[in-house]
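Before any comments, here is the structure.
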Amino acid sequence: MNIFDKENHLKRIRRFTTHGMHHATIAYKLVFDKPHKIMFALSYLNSAISYFSAARSLYFAYVDRYESTVIESVFDAFTSFSDELLSNALEDHSHQWTDEKFTNFKNQLMNSPLAPDVVRTSK
């Protein structure tokens, strides 16, 4: 696979964001549905952070081929969500803002070129 092929490169990035979204969703659900399992939620969040860090690195390695504020806003929204969840877990605060940050992140992702293929093909 030629890494300079824009569509194949985007598919590679999308693979990471798809896995990251899956793990972020599990973390989010654990925080609200099973708050006593916060350590598991944080473990899934850590995994999601790793996936999104890899995706961000791939994106920025060839940013001149994209220069997409839409894609960059997905990464920013994820960072905002993950920071909020971590901060609230550390301070043992309500996760009201975590909910809003997750919803924003999910909307940003699903309306971007990084949306999982299942979502992208169903439109």
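The table for this structure:
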| quantity | calculated |
| --- | --- |
| Total residues in region 73-87, condition buried (at least 18 other Cβ atoms within 10 Å of the Cβ), more than 9 Å from the chain's Cα centre (by Cα) and without any contact (Cβ under 8 Å) to a residue 24 or more places away in the chain | 1 |
| The lone exception for residue 7 - which of (1) within 21 Å of residue 113 (Cβ to Cβ); (2) surrounded by 12 or more Cβ atoms within 10 Å (Cβ to Cβ) it fails | (2) |
| Members of region 8-31 that are among the hydroxyl-bearing types (Ser, Thr, Tyr) and in contact with a helix residue (DSSP H, G or I) (Cβ under 6 Å, 6 or more places away or on another chain) | 17, 28 |
| Matching residues in region 36-72 - criterion: being under 30 Å from residue 94 (Cβ atoms), among the hydroxyl-bearing types (Ser, Thr, Tyr) and over 14 Å from the mean Cα position of the chain (by Cα) | 43 |
| Filter result for residue 70 (in contact with a Pro (Cβ under 8 Å, 6 or more places away or on another chain), of a type in the set (Val, Ile, Thr), in a helix (DSSP H, G or I) and within 21 Å of residue 117 (Cα to Cα)) | yes |
| Residue ID - nearest to residue 18 (Cα to Cα), chosen from residues in region 54-106 that are among the basic types (Lys, Arg) and modelled with pLDDT of 95 or more | 106 |
| Positions within region 16-49 being in contact (Cβ under 8 Å) with a residue 40 or more places away in the chain and more than 14 Å from residue 99 (Cβ to Cβ), in sequence order | 16, 17, 18, 20, 21, 38, 42, 45 |
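The values are calculated or read from the model by the stated rules, or taken from the named source; none is laboratory data. Quick caveat: nothing in here was measured; it's all calculated off a predicted structure. When we count neighbours, we look across all protein chains shown, and the Cβ atoms used for this are built from the backbone with ideal geometry, even at glycine.
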